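Worksheet for the structure shown next.
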Amino acid sequence: MSLRSDAPHLAIDAPEAGQTRPTSPTGRPPVRARVVRVARGWWRWLTSMPTALMLLFLLALAAVPGSLLPQRPLSQSAVAQYFADNPQLAPILDRLGLFDVFAAPWFAAIYLLLFVSLIGCLVPRTLGHIRSLRAAPPRAPSRLSRLPRHAELSTDLGAEEALDVAEEELRVARYRVLRKDGAISAEKGLLKETGNLVFHLALLAMLISLAVGKLWGYEGSVLVQEGQGFCNSFQQYDTYSAGPLIDGADLSPLCVDLEDFQARYEPDLTPASFTGDITYSRALDGPDEQATIGINSPLRVDGTRLYLTGRGFAPIFSVRLPDGTELTDLSAPFLPTDSTTMLSEGVLKLPDLGAGRDQLAVEGVFLPTAADMGGGLLTSVDPRPLDPAVAIVVYTGSVGLDSGIPQNVFTLDQERIGRGQLERVGAANLRPGESLNLPDGTSITFTGFKEFAALQLSRDPSQLAVLISALAMLAGLLTTLLVRRRRVFLRPGDKVLEIGGLAQGGSAEPAEFERVVTGISTALAAAGPPDRRDH
Amino acid sequence: MSDAANLASLADTLFTLTILAYSLATIAFAAELAFASSSRPKVLVATDGSEIPEARTGFSARAGQVALGITLLGLVLHGTVLLLRGLAAQRIPLGNMFELATAVTFVGVAGFLYLVIRTPRLRGIGLFVTLPVTVGMVLTGLFLYAESGPLVAALRSGWLLVHVTTVSIGFGAFLTSGIVSGLFLVRSRFDEAGGSAAGVNSRVAHRLPSAETLDRAAHRLVVFGFPVFTFAVIAGAVWAESAWGRFWNWDPKETWAFIAWIVYAAYLHARATAGWKGRAAAWINVAGLVVMLFNLLYVNLVSTGLHSYAGVN
């Protein structure tokens, strides 16, 4: 990891000895030279290790508000709530981009500076490493006894023979060996720097992959009731987000129908599994295929993924108007407000009941297993639909769907109730089959419920590249942390072989040096002159 | 009582016994420090440049050995707690905050014992490992306790084993490393003051292993923990891709994991940079531990996000 531990590798602006800078008549260097010098100074500052460290800390610090303040991409409603709670502060924070930190220009500025700094450091370092991979190990220093590790082996072999034996031994131990001027230099562990560079290059590759995913990726979410379906187009999603370089025509032609949804629970009501049986086709008029998706098991089709991200109940109502008109199978998804009991809230808006007729809205809660808390107040005690009920309040008037202002489909506009545009005309707790009769003769019957699933369709063309980059980072990291770079030098003396060693980066490991010395010592003994061995 | 309930209640008993063992070890380690020769440090240096530790008196040395033995016993009990929790619920015992905190302190103590095996001198920091671990486990038992039970649907994935195990191992290594770096800061300030500083700090400081030993031990643990933690984050991203529909969500837990990763990357860089190695790098390591603890406690207990599996109400 010590990418920049060495001396400055960007010595481009160090003037050659004796070289003079061109000067203007006033004695000051010309503007162009000064600009170049200042630019080089900045470049050197940007690519220095302390600057990179400061940028790393800045990046960490900049991420903090992203976890402490509500973020738009995670929860629009949490941000809206924050605006309501802090009307003075919120707009200021918003202008600073603090509700979408990871897309804020200043966040991008930090990591772009960091990556410019990284590139500025990586390029010369990589070139230098390639050179040193090709070059021979450095020549042995004159006094081996000054090295951190030092040993002397006595031998009866001649100088050249002793070096032959040692060279063979070092090569077997996978050292790169240079034999010159009656001495040996050997080097091992260049892989440490290779791993280091792989880690940082993979980091760059990951950033590029992430950018590609942001530009060409998309995802859309939709609530689908059992028996209904959707096709992959932006118009059909409740919410979607797409990269700037993707348009509707690029979406893969996938259509999905939710046939059946099941939720299973443990005896202690811990959710055990949620699954949806789906039918899908990959192309318009393509053959139908079956699949079951669930939590932790999405459907993967041609690079798009379909997830089951949530679930809930949609109560079904039928409405009989005073003139005898019967409207059946009216339902709307109610959102669970408590995942342990699946108590759910929602509203069924009926804007189109015929000419001249007031609109109707059925607001309320759905209780999968209702329990009476006394006083007509219901609550849910079980997430499974064992004894379902609804508690509803009915309004007539104008729900405002035609006003042109976007509406939340799960709630009624409270201001409309306050202004009298919606008038409360009745309330009741209903079990399946029970009806509420309104004063004007309209009757509303709770007939049952369907389950719905929240489905999300995603495509990220670069996520495999991100994974590969991440694994390459890990491989580089392990290599650079585990491999030690070391050098061993040998020079024969009079009936003696002198050995010196040094390790680069971190603590010198004595064990490895001892292993080398022992190995050479054993080899020398084995290769002793034949006449001695005979005796 | 069913078998599962028996196992779970046995695990609870062993949890208490583990705390008891670590408490006794803490007392014995404290005795080792207290009865060590209280004269000014006489640091002896061997011919090869390595330091010979100050000789401890007979009682002190025996107290230290006893402390180490009890710590090892505690670690065995500690591991058994996790094993029984797993057997009781028929799953990996890493399904809630109680189990996660128990696993992290387990790895932290194991990391300490590993250091002592590698470098026996490091036994001298035992007090500063077993004391915070004991306090941490008492708090875990009081505030994070969760009944042994089945996993929620979202956690039923093979990635739970891969992701949470590696998070615990990385975190445990960072935990002990952060403590060692804290001790390094105490010791190196004492050294800088010429070994003559007054006060409680100095009375403890000169009985600590040398600054270099502490610095190297802290670094070794991060060198181990950082790749493990990196792998844990990658495994988490792979799991998130199949569970939540996106490999990275900037969920609060992910954001703080990102921050922690950057801080530890900065530590490894700083330790190899002139002007940063030594005290500045040690401060970064301590900051890393603060970030990890914040991520465990604040993010799970206070904020809400996708990682809300604490099992604590």
Positions within region A:133-173 being closer than 17 Å to A:THR518 by Cα and of a type in the set (Asp, Glu), in sequence order: A:GLU152, A:ASP156, A:ASP164, A:GLU167, A:GLU168, A:GLU169
When region A:132-149 is examined, which residues are found to be among the hydrophobic types (A, V, I, L, M, F, W, C), out of contact with any strand residue (DSSP E or B) (no Cβ under 6 Å at 6 or more places or on another chain) and part of a helix (DSSP H, G or I)? A:LEU133
Would you confirm whether any residue within region A:121-131 is crowded, with 18+ Cβ neighbours inside 10 Å and either touching a strand residue (DSSP E or B) at 6+ places or on another chain (Cβ under 9 Å) or assigned to a strand (DSSP E or B) (or both)? no
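Listed here are the residues, each with its yes/no results for (1) touching a Gly at 6+ places or on another chain (Cβ under 6 Å); (2) within 14 Å of chain B (Cβ to nearest Cβ); (3) not in a helix (DSSP H, G or I).
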{"site": "A:TRP43", "(1), (2), (3)": "no, no, no"}
{"site": "A:THR51", "(1), (2), (3)": "no, yes, no"}
{"site": "A:ILE92", "(1), (2), (3)": "no, no, no"}
{"site": "A:PHE99", "(1), (2), (3)": "no, yes, yes"}
{"site": "A:LEU114", "(1), (2), (3)": "no, yes, no"}
Output for region A:329-357, where each listed residue is polar (S, T, N, Q) and at pLDDT 90 or above: A:SER331, A:SER344
From the set of residues in region A:274-315 that are over 20 Å from A:GLN225 (Cα atoms) and among the basic types (Lys, Arg), which is farthest from the other protein chains (Cβ to nearest Cβ)? A:ARG282
Would you mind stating whether A:PRO271 is within 13 Å of chain B (Cβ to nearest Cβ) and touching a residue at least 60 places away in the same chain (Cβ under 8 Å)? yes
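On the given criteria, is A:THR337 without any contact (Cβ under 8 Å) to a residue 60 or more places away in the chain and either buried (at least 17 other Cβ atoms within 10 Å of the Cβ) or not aliphatic (A, V, I, L, M) (or both)?
yes
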Checking A:PHE102 against (1) surrounded by fewer than 16 Cβ atoms within 10 Å (Cβ to Cβ); (2) within 30 Å of the chain's Cα centre (by Cα), which single condition isn't satisfied? (1)
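Could you tell me which residue of region A:57-110 is nearest to B:TYR264 (Cα to Cα), considering only residues that are β-branched (Val, Ile, Thr) and touching a residue at least 12 places away in the same chain (Cβ under 8 Å)? It would help to see each step written out before you state the result.
Filtering region A:57-110 for residues β-branched (Val, Ile, Thr) gives A:64, A:79, A:92, A:101, A:110.
Okay, now just the ones that are also touching a residue at least 12 places away in the same chain (Cβ under 8 Å), so A:79, A:101, A:110.
Working: A:VAL79: 31, A:VAL101: 22, A:ILE110: 18 Å.
Result: A:ILE110.
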Within region A:490-503, considering residues that are in contact with a helix residue (DSSP H, G or I) (Cβ under 8 Å, 6 or more places away or on another chain) and more than 17 Å from A:VAL165 (Cβ to Cβ), the one surrounded by the fewest Cβ atoms within 10 Å (Cβ to Cβ): A:ALA503
Have a look at A:GLU169, A:GLU193, A:GLU152 and point out the one that is surrounded by fewer than 17 Cβ atoms within 10 Å (Cβ to Cβ) and either more than 37 Å from the chain's Cα centre (by Cα) or not in a loop (DSSP other than H, G, I, E, B) (or both). A:GLU152
Of the conditions (1) buried (at least 20 other Cβ atoms within 10 Å of the Cβ); (2) assigned to a helix (DSSP H, G or I); (3) within 14 Å of another protein chain (Cβ to nearest Cβ), B:LEU151 clears all except one; give me its number. (2)
Please indicate, with yes or no, whether at least one residue in region A:499-509 is within 10 Å of chain B (Cβ to nearest Cβ), touching a residue at least 60 places away in the same chain (Cβ under 8 Å) and part of a helix (DSSP H, G or I). no
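The values are calculated or read from the model by the stated rules, or taken from the named source; none is laboratory data. Please read all numbers here as calculations on a predicted model, not as lab measurements. Cβ: placed from backbone, ideal geometry, glycine included. Neighbour counts: every protein chain shown.
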